[in-house]
Amino acid sequence: MSDTSRGPRRPAKPYRRPKKDPVRILAFDALRAVDERDAYANLVLPPLLRKAREKGDFDARDAALATELVYGTLRRQGTYDAIIAACVDRPLREVDPPVLDVLSLGVHQLLGTRIPTHAAVSATVELARVVLGDGRAKFVNAVLRKVAQHNLDDWIERVAPPYDEDPEDHLAVVHSHPRWVVSALWDSLGGGRAGLERLLEADNERPDVTLVARPGRATTEELLGEEAAVPGRWSPYAVRLAEGGEPGAIEAVRQGRAGVQDEGSQLVALALAAAPVEGRDELWLDGCAGPGGKAALLGALAAQRGATLLASEKQPHRAGLVARALDGNPGPYRVIAADGTRPPWRPGSFDRVLMDVPCTGLGALRRRPEARWRRRPEDLDGFAPLQRALLAGALEAVRVGGIVGYATCSPHLAETRAVVDDLLKQHPEAELVDARPLLPGVPDLGEGPDVQLWPHLHGTDAMYLALIRRTG
């Protein structure tokens, strides 16, 4: 006899296939590439967007949303991880990375965009059904409904320790930077909460695309004729593309007469070129030239004076990128694959030397937000010997009376002043040249003689530059 005491059974709901959302699937794919392959979003995302456009899946609004989802999620990852951790019953390290990526995308839509709550949750759950399966989609749904109970400010108040108890950890959670990076930036700025918070906030803002009009090949007037183009702030060759302009659509960029180059990078090359040298000024060296932005600008500036640029890059494939950037340079140049610590050139060969050394990249966190989560304090120990060897090699390569520019895209004192101070202690034939007058019109350059640029003060990457003259 069948049991009918519970009444008639309800018919099972028919299975509904999850709806595929091309925008969110693309954003998820980009985050997985960043996580699984240590890829950079600024390299992964453009080809994904291009492929989606070619298939007809995307319009400009879709591309803008996908870009915001990827970069917004990466920039706020630390804050979002703290919020998600408060909403799950296990340590985050025990949550599968693909699940965590979907959750982070959902949290960003809930707390970092104007997407309505119900749409953010339902769209993310549908994404989870497509890429994770129905079982884990239920977990995603439960977590996001907890997150949706509070806004971002309320969550930060709940998950960030009070500033008075632990200022570095408070700022790390609020502004989504690793604690050790917060501490290092605080030291580099010289103290003060207000300036540090402005810097951390600037790291989380999407920067404009900046172009360089390579002298003798393009002009800023030509580039300013493009849609959404405005003049640069400091470099006479800089043009900014506001509102997410697409550099690949600009003819001068496609032809190599102009390029994408942060204004801080341009200023480094311009300052080295403007520094006074004693005697001849015929042969310049870019000793760590890849991928070629500074080399292309230096080559054009050298050509204006009848000088020759030698661009050297250790990695052959990066040397190929340098050759591509310099192709069409109006004056003589040469590109070689060589190690700056064991160079093929004779000592004292050059009048000007730029050594933009490998570093942690903490100065470019606006453009590569994922780098903050990959770097560790111990990475500094790995870069230190190479940075010192390259700078010592640059001093040996320049002639007496010539100028060396030591540059790095990091404001960390261990990669900037500590390296330069060590060189000066070991080489009495080297002296610092005040770099500040060689960046005319640029404010807030500090006490000198070296220069540290900042995103929150100058709108550039946090480039460092020290100019060193060989005196004997």
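The table below gives the values:
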item	result
Residue among Glu278, Glu263 that alone is touching a Gly at 6+ places or on another chain (Cβ under 7 Å), closer than 28 Å to Val442 by Cα, charged (D, E, K, R) and modelled with pLDDT of 95 or more	Glu263
Tally, over segment 337-383, of residues that are surrounded by fewer than 16 Cβ atoms within 10 Å (Cβ to Cβ), of a type in the set (Gly, Ala, Ser) and not in a loop (DSSP other than H, G, I, E, B)	1
Hey, Asp422 closer than 28 Å to Leu196 by Cβ, open to solvent by 30 Å² or more (accessible area, probe 1.4 Å), assigned to a helix (DSSP H, G or I) and not polar (S, T, N, Q) or not	yes
Among the residues listed as Leu105, Leu127, the single one being farther than 22 Å from Val159 by Cβ, assigned to a helix (DSSP H, G or I), in contact with a Phe, Trp or Tyr (Cβ under 7 Å, 6 or more places away or on another chain) and of a type in the set (A, V, I, L, M, F, W, C)	Leu127
Residue selected from segment 33-89 under the condition at pLDDT below 95, part of a loop (DSSP other than H, G, I, E, B) and charged (D, E, K, R), by the criterion nearest to Val182 (Cα to Cα)	Asp38
So Arg280, is it open to solvent by 40 Å² or more (accessible area, probe 1.4 Å), at negative phi and in contact (Cβ under 8 Å) with a residue 40 or more places away in the chain	yes
Residue satisfying condition, being under 24 Å from the mean Cα position of the chain (by Cα), under 26 Å from Pro276 (Cα atoms) and not in a loop (DSSP other than H, G, I, E, B), within set Ala311, Ala319, Ala325, Ala303	Ala311
Residue, nearest to Thr124 (Cα to Cα), within segment 93-102, restricted to residues that are open to solvent by less than 40 Å² (accessible area, probe 1.4 Å) and in a helix (DSSP H, G or I)	Val102
Enumeration of residues in segment 387-417 that are exposed (fewer than 15 other Cβ atoms within 10 Å of the Cβ) and under 30 Å from Asp38 (Cα atoms)	none
Scope segment 290-325; condition within 16 Å of Ala213 (Cβ to Cβ) and surrounded by fewer than 24 Cβ atoms within 10 Å (Cβ to Cβ); matching residues	Gly293, Leu301, Ala303, Gln304
Within segment 173-213, considering residues that are open to solvent by 30 Å² or more (accessible area, probe 1.4 Å) and in contact with a strand residue (DSSP E or B) (Cβ under 7 Å, 6 or more places away or on another chain), the one modelled with the highest pLDDT	Val209
Close pairs from segment 53-74: first closer than 20 Å to Leu105 by Cβ, partner part of a loop (DSSP other than H, G, I, E, B), Cβ under 6 Å, at least 6 apart	Gly72/Gly112; Leu74/Pro369; Leu74/Glu370
Segment 218-236 residues that are more than 24 Å from Asp444 (Cβ to Cβ) and among the aliphatic types (A, V, I, L, M), paired with ones that are open to solvent by 60 Å² or more (accessible area, probe 1.4 Å) and not in a helix (DSSP H, G or I) (beta carbon under 7 Å, 6 or more apart)	Leu224/Pro231; Ala228/Glu243
Filtered residues of segment 79-91 (kept if open to solvent by 20 Å² or more (accessible area, probe 1.4 Å) and closer than 21 Å to Ala39 by Cβ)	Asp81
Residues satisfying the stated conditions in segment 433-472, i.e. in contact with a helix residue (DSSP H, G or I) (Cβ under 7 Å, 6 or more places away or on another chain) and either open to solvent by 60 Å² or more (accessible area, probe 1.4 Å) or at pLDDT below 95 (or both)	Asp444, Gly448
Matching residues in segment 112-133 - criterion: being open to solvent by less than 40 Å² (accessible area, probe 1.4 Å) and out of contact with any helix residue (DSSP H, G or I) (no Cβ under 9 Å at 6 or more places or on another chain)	Gly133
Condition broken by Arg50, with the remaining ones in (1) in contact (Cβ under 8 Å) with a residue 12 or more places away in the chain; (2) over 24 Å from Glu157 (Cα atoms); (3) within 23 Å of the chain's Cα centre (by Cα) satisfied	(1)
Answer residue from segment 216-227, given it is out of contact with any Pro (no Cβ under 8 Å at 6 or more places or on another chain) and of a type outside the set (D, E, K, R) and is modelled with the lowest pLDDT among those	Gly225
Members of segment 153-165 found to be under 24 Å from Arg372 (Cβ atoms) and either among the polar types (S, T, N, Q) or open to solvent by 40 Å² or more (accessible area, probe 1.4 Å) (or both), listed by number	Asp153, Glu157, Arg158, Pro162, Tyr163, Glu165
Checking Pro428 against (1) of a type outside the set (S, T, N, Q); (2) touching a helix residue (DSSP H, G or I) at 6+ places or on another chain (Cβ under 9 Å); (3) surrounded by fewer than 24 Cβ atoms within 10 Å (Cβ to Cβ), the condition it does not meet	(2)
Condition met for Leu272 (surrounded by fewer than 19 Cβ atoms within 10 Å (Cβ to Cβ) and aliphatic (A, V, I, L, M))	no
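So that you can scan it fast, the table gives a plain yes or no per residue for (1) open to solvent by less than 40 Å² (accessible area, probe 1.4 Å); (2) small (Gly, Ala, Ser); (3) under 15 Å from Ala300 (Cα atoms):
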| residue | (1), (2), (3) |
| --- | --- |
| Thr219 | no, no, yes |
| Val230 | no, no, no |
| Arg233 | no, no, no |
| Glu246 | no, no, no |
| Ile250 | yes, no, no |
| Arg257 | no, no, yes |
| Gln261 | yes, no, yes |
| Gly264 | yes, yes, no |
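The values are calculated or read from the model by the stated rules, or taken from the named source; none is laboratory data. Here the structure is a predicted model, which is why all the values come from computation and not from measurement. Don't worry about glycine lacking a Cβ; one is built from the backbone with ideal geometry, like all the others, and counts go over all protein chains shown. In case anyone asks, the SASA skips ligands and DNA or RNA and just uses the protein heavy atoms, side chains included. Shrake-Rupley method; radii C 1.70, N 1.55, O 1.52, S 1.80 Å.
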